[in-house]
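Scroll down for the structure; my scribbles are underneath it.
The values are calculated or read from the model by the stated rules, or taken from the named source; none is laboratory data. What you see is a predicted model, and the numbers here were worked out from it, not measured in a lab. For neighbour counting, all protein chains shown are included, and Cβ atoms are generated from backbone atoms with ideal geometry for every residue, glycine included.
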């Protein structure tokens with residue numbers, strides 16, 4: 001009996017120790033996982049590649065550092081020639097915010113043609129994030145007169161194309177204030193044509209919604225008998241000539257947000273999710289070159305009434321979301337949306353699997369778009385190009 005009690009006590013003591021260490025392990029496992037993800041990121045080989053981003057839009061330092069491009073560059077360990085990671089607050093050309101809503105400009109404006117060509121010869125990848133400039137009032141105060149895509153930009157892009165570098169551009173790069181002749185030159189060079197229409201889904205079309213620009217409301221009322229009959233969600237379309245058309249959620253749509261459908265190449269080669277809603281700004285662009293391909297396309301979920309409204313305005317129901325030209329002559333992608341507008345937590349880029357970590361901590365619908373669509377696409381495009389350039393460099397050395 002005495003020996004039996006000793007054995008029972010021994011078993012009970014062991015069970016308590018097991019439970020204790022189990023609890024400790026469960027409490028420490030998230031920390032151990034994070035440490036492992038961080039350490040694993042440090043062991044990812046650095047990939048030297050010269051990336052030049054052009055951003056003539058941002059006036060806040062906060063916005064610069066959170067651009068999706070720089071999240072991907074850091075997460076995938078792309079580095080500058082000096083071996084350092086890219087810094088979204090300074091490693092770009094365009095507007096550099098200062099205090100009191102002031103800024104300085106660093107772009108091709110004051111460079112000679114020779115200097116522009118020299119930069120193009122040293123750059124592997126360029127990404128034109130935005131060229132819309134700033135408001136006229138701010139421009140007057142800071143003396144910035146060169147806005148939009150410029151002749152110098154086109155000179156740079158032509159040299160990049162000529163030397164078969166990777167060119168990325170996105171929403172609104174060729175819209176106002178870009179001059180018509182520069183826009184047409186860009187369209188001819190890269191085989192696309194902007195229809196003049198941009199659009200965006202709004203969760204509320206109530207006139208008190210601060211996200212709705214007052215010029216849109218005024219223009220619509222001027223064109224539609226001084227009426228603004230919208231309070232629900234819907235899609236606003238704006239043409240460069242000032243025309244405004246609106247699809248109301250209840251009367252014109254079967255669904256709500258525009259959907260992006262990705263085709264076979266994008267799914268299998270770029271890792272993009274097949275179907276995802278998109279709520280940001282987009283531009284309606286057509287492919288003017290048969291060698292261009294649509295990786296993904298927008299679809300507007302309209303009913304018969306909405307279809308008639310779009311047909312009357314010449315707005316398509318299905319149109320490209322991502323356009324690709326990938327051939328021996330050059331490599332070019334146009335993202336037909338404001339994909340770089342997402343504010344992504346920078347710190348998550350320093351972890352292997354950082355996208356999963358960020359989704360758990362900040363899984364908003366907009367960030368879902370970045371992590372499930374834009375991040376894998378951009379990461380795959382850069383990786384494929386890096387691999388191609390590495391093979392070329394290896395052959396040259398042999």
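One table, with the values for the structure above:
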| item | result |
| --- | --- |
| Evaluation of residue 235 against (1) free of Cβ contacts under 8 Å to residues at least 60 places away in the same chain; (2) in a strand (DSSP E or B) (one fails), failing number | (1) |
| Residue check, residue 334 out of contact with any helix residue (DSSP H, G or I) (no Cβ under 8 Å at 6 or more places or on another chain), within 23 Å of residue 197 (Cα to Cα), part of a strand (DSSP E or B) and at pLDDT 95 or above | no |
| Test: residue in the range 173-180 that is buried (at least 20 other Cβ atoms within 10 Å of the Cβ) and either within 20 Å of the chain's Cα centre (by Cα) or part of a helix (DSSP H, G or I) (or both) | yes |
| Qualifying residue in the range 357-372 (condition: surrounded by fewer than 17 Cβ atoms within 10 Å (Cβ to Cβ) and modelled with pLDDT of 85 or more) | yes |
| Some residue of the range 191-208 being more than 21 Å from the chain's Cα centre (by Cα), without any contact (Cβ under 8 Å) to a residue 24 or more places away in the chain and part of a loop (DSSP other than H, G, I, E, B) | yes |
| Residue selected from the range 140-165 under the condition part of a loop (DSSP other than H, G, I, E, B) and buried (at least 22 other Cβ atoms within 10 Å of the Cβ), by the criterion modelled with the highest pLDDT | 165 |
| Candidate set: the range 268-294, residues that are surrounded by 16 or more Cβ atoms within 10 Å (Cβ to Cβ) and without any contact (Cβ under 8 Å) to a residue 60 or more places away in the chain; chosen: the one farthest from the chain's Cα centre (by Cα) | 293 |
| Test for residue 211: is it surrounded by fewer than 16 Cβ atoms within 10 Å (Cβ to Cβ), outside the structural domain of residue 382 (by TED's automatic domain parsing), without any contact (Cβ under 8 Å) to a residue 12 or more places away in the chain and within 20 Å of the chain's Cα centre (by Cα) | yes |
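Yes or no, residue by residue, for (1) buried (at least 16 other Cβ atoms within 10 Å of the Cβ); (2) within 30 Å of residue 51 (Cβ to Cβ); (3) in contact with a helix residue (DSSP H, G or I) (Cβ under 9 Å, 6 or more places away or on another chain); (4) in the same structural domain as residue 380 (by TED's automatic domain parsing):
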| position | (1), (2), (3), (4) |
| --- | --- |
| 167 | yes, yes, yes, yes |
| 182 | yes, yes, yes, no |
| 202 | yes, no, no, no |
| 219 | yes, no, no, no |
| 226 | no, no, no, no |
| 233 | yes, no, no, no |
| 240 | no, no, no, no |
| 251 | no, no, yes, no |
